[in-house]
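These notes concern the structure reproduced below.
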Amino acid sequence: MDKLCIPQSNGVETLRRLGACEEQIKAILPGWGDSFVNMPEKIFFLQKEVLDALQRFFSLSSSVMNSLYSAAETVEKNPDLAAYMWHFYYRIKQLSFSSGASHAGFADFLLPEPLSAVALVACGILRDAIENYRNEGFTQEIIRDTLRVYTDAFEAQVKRGEAPHIALPAINWMRVYLACRLVQLGRFNFKLMETSPFGIVLRNRKSRIKIMLSASEVHYNSRGFVLQQNDPYGSGAWCSKLEEDEKNWYGNVISPAGFALPERRCFSKAEWECILRPGEIMIDMHIPAGGGMTPERALDSFQKAVAFFSRKNPGKFREIFICHSWIFNTQFEEKMPDSNLAKLMRECYLFPHDSSGRDGMFFLFGRDYENLSQAPRDSSQRRAMLEILESGERLRTGGMLLFAEDLPRFGTQCYRNDFKELFI
């Protein structure tokens, strides 16, 4: 009981001493009891030997390590900050049973001083994730490649003269790694997941050409993208409808260029088979930050993913890639037609997806900007995003499909060429 009597046992008072406002306290406090009573005398991710082990595993630079050592020393000297950092770690890792606790995000948490204290929490999660991946039988190379997305970010931040850190809204994503759900194979990350109800995919029984039909009750704007609130192209909006009977499918075709067509079409079941419905388990792709996304590296990554999951989960998934992301916004293809991203988009079957109008802003800039003139323009994608917004357009998200059976045709824009053969 002695531990419960020390000052930081009262989460509200602890957080107030750290400078948290009432809204932040409301976001942070759930689960404080669970985390505090389980807080050890020595917090492992503040200890030099733990940080040194991570340095060896990821080959971290001395610049990054010096920042981490300094932050750890500062946290250990401040009982309030130590309790908060432990709570931060515990909330990421554990399902709390305290009143009101949940696996919510961290965007409203207090940003600590020093900033690298959050990187220390990430180090604790990385240590645990390494152990979890090892227990699941992953190789050291795959574990290192998968998890170094964080340590590579630390190195890049230090090179820019910043303290190593993780943006608060991105912390929640670390739970995916703790659960060993994500694996990096070449350029991309992958995991298995069931499909969302975007519609169905038909394949011609003779030509093998594929066509996507939109799900029912999706509201599209006049350009065939999913309708947004206050959509500038909302005039002329329409709603999709998907039906089938014994002989036919009826629906709105999705162009592989990423937009829906308003005219409903009929496809005979004698000529077309349904090869993908909602609920199928597929290979979900995630694109980690970084350049070098050449067509050659993309194809290599897809091939490695098919081989990997075929060995690990034989017969339990469809050999089809799917991704929903702000990065598959067709506006980027228009703005950057010669980019590696545009080249990848032209090899996939794109489809429209729900979006807010500011999608990708946080990922690309680390924050939102009310005044766009203040946003940095130091990359082609940042410049493209700002040009879209400054033109009065709104940002979109999109999705993509890529069938493993079509990988031998990767580099030929097969879906778009097949589509032209059918409809033009």
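Laboratory data are not the source of any read-out in this text; all were calculated from the coordinates shown. In this text, all values refer to a predicted model and were calculated from it rather than measured experimentally. Here the Cβ is made from the backbone with ideal geometry for all residues, glycine too, and neighbour counts use every protein chain on show.
Both the radius of gyration and Dmax for the range 182-424 are 18.1, 58 Å, in that order, over alpha-carbon atoms.
Computed with the Debye formula from one identical point scatterer per Cα of the chain, without solvent, the log10 of I(q)/I(0) at q = 0.09 Å⁻¹ comes to -0.67.
Label separation (A107 vs L389): 1.4 nm, computed from points 7 Å beyond Cα along the C-beta direction. Ordering Q157, P232, L185 by Cα displacement along the dipole of the chain toward the positive end leaves L185 in first place; charges were set at the Cβ atoms of Lys, Arg (+1) and Asp, Glu (-1). Here, the range 74-224 yields an orientationally averaged convex hull projection of 15.5 nm² when only Cα atoms define the hull. Around the Cα centre of the chain, unit charges on the Cβ atoms of Lys, Arg, Asp and Glu (plus for the first two, minus for the last two) sum to a dipole of about 900 debye. Our note on the geometry: Cα centres of the range 147-174 and the range 5-55, 21 Å apart. Exposure proxy shown here: for H324, H87, the number of other Cβ atoms within 10 Å sets the order, fewest to most, as H324, H87. Backbone amide hydrogens, once placed in the peptide plane, bring G199 within less than 5 Å of A215, excluding anything fewer than 5 places away on its chain. When you count the other C-beta atoms within 10 angstrom of each residue and take the mean per peptide, 13-22, 374-383 line up highest first as 13-22, 374-383. Scanning the chain for DSSP H helices at least 27 Å long along the axis (C-alpha atoms) with a Kyte-Doolittle mean no lower than -1.0 picks out 116-135.
When each of E41, E296 is scored by the number of other beta-carbon atoms lying within 10 Å, the sequence from fewest to most is E41, E296. Taking other C-beta atoms within 10 Å as the exposure proxy, F423, F44, F190 rank F423, F44, F190 from fewest upward. From largest to smallest, the equivalent ellipsoid semi-axes obtained for the range 302-351 from the alpha-carbon gyration tensor read 28, 11, 7 Å. For the range 2-181, taking Cα atoms only, Rg and Dmax work out to 15.8, 46 Å respectively.
By the compact-protein rule of thumb, 2.2 N^0.38 Å, the alpha-carbon radius of gyration of the range 231-302 corresponds to a ratio of 1.58. Roughly what would the spin-label model give for L192 and D152, points 7 Å off Cα along C-beta, in nm? About 2.6 nm separates the two model spin labels. Dipole magnitude for the range 220-315: about 240 debye, using +1 per Lys or Arg Cβ and -1 per Asp or Glu Cβ, origin at the Cα centre.
The mean of 1/r over all pairs of different alpha-carbon atoms in the range 26-94, once inverted, gives a Kirkwood hydrodynamic radius of 13.0 Å. Only one residue of P352, A342, L372 has its Cα farthest out toward the positive end of the dipole of the range 314-387, where Lys and Arg carry +1 and Asp and Glu -1 on Cβ, and that residue is A342. Taking 0.36 nm per residue of separation and subtracting the Cα-Cα distance, full extension of the segment from E22 to D338 would add 108.9 nm. Placing a pseudo-label 7 Å from each Cα along the Cα-to-Cβ vector at N132 and L372 gives an inter-label distance of 3.9 nm.
Length available on full extension from E296 to A167: 0.36 nm per residue minus the Cα-Cα distance, which gives 43.3 nm.
Checking the Cα-Cα distances for K42/K93; K48/K304; K191/K247; K316/K343 against a 27 Å cut-off, the pairs over it are K48/K304; K191/K247; K316/K343. In terms of overall dimensions, the range 237-364 has a Cα radius of gyration and Dmax of 17.1, 49 angstrom.
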